[in-house]
1. Residue by residue through the range 44-51, which ³J(HN,Hα) values in whole Hz follow from phi under the Karplus form 6.51 cos²θ - 1.76 cosθ + 1.60 (θ = phi - 60°), with glycine and proline marked x?
2. Cut-off 14 Å, label point 7 angstrom out along Cα-to-Cβ of residue 38: give me the residues of the range 62-86 whose amide nitrogen falls inside.
3. Once you compute Rg and the Kirkwood Rh from C-alpha atoms, what is the Rg to Rh ratio for the chain?
4. Leaving out ligands, DNA and RNA, and with a 1.4 Å probe, what % of the accessible surface on the range 32-91 is carbon or sulfur?
5. Relative to the longest principal Cα axis of the chain, at what angle does helix 55-68 sit, 0 to 90 degrees, rounded to 10?
6. If I measure Cβ to Cβ between cysteines in the chain, which ones have no partner under 4.7 Å?
7. Note down the relative contact order for the chain as a percent, whole number, built from C-alpha pairs under 8 angstrom at least six residues apart.
8. Give, as ranges by residue number, the residues of the range 51-86 whose backbone N falls under 13 Å from the point 7 Å along Cα→Cβ of residue 28.
Amino acid sequence: FFGTPLASHLTQMDVNTLLVCGNSTSGCVRASVTDAYMHGLRVGIVEECVFDRNWLSHKINLYDMNTKYGDVMFLDEVLTYLNSLRSQKTR
């Protein structure tokens, strides 16, 4: 987010929720999650789709982000959520 027009693009597109995946749970993922939260977005972190080189750091950061900035979700929960959105649009 920092130094990019991402927040503006998301606002223009009426996005209110981000599902975050990526590498370095304690670095890039955490920075993206906190920035999204600070911009007023709801945040889901897909547990099976984030990674850190250090297992303990990974788990501690997931716990901390879940308690402060977003919801750590399992992939099957995310897929169910996305499928429900898809079925709502086709009605």
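The values are calculated or read from the model by the stated rules, or taken from the named source; none is laboratory data. Model, not experiment: these values are computed from the prediction. Because the Cβ atoms are built from the backbone with ideal geometry, glycine has one as well, and the counts that use them run over all protein chains shown. The protein model used for the area step is the full one, side chains on, heavy atoms only, and it has no ligands, DNA or RNA in it. Shrake-Rupley method; radii C 1.70, N 1.55, O 1.52, S 1.80 Å.
1. Result, rounded to whole Hz: x, 10, 7, 4, 6, 10, 10, 8.
2. Once the point is set 7 Å along Cα→Cβ of residue 38, 69 turn out to lie under 14 Å by backbone N, inside the range 62-86.
3. Numbers: Rg = 13.8 Å, Rh = 13.8 Å.
Value, to two decimals: 1.00.
4. Numbers: 2350 of 4230 Å².
After summing per-atom areas, the C and S share lands at 56 percent.
5. Once rounded, one gets 50 degrees.
6. 28
7. Details: 107 pairs, mean separation 24.0, N = 91.
Once normalised by length, the contact order is 26 percent.
8. 51-53
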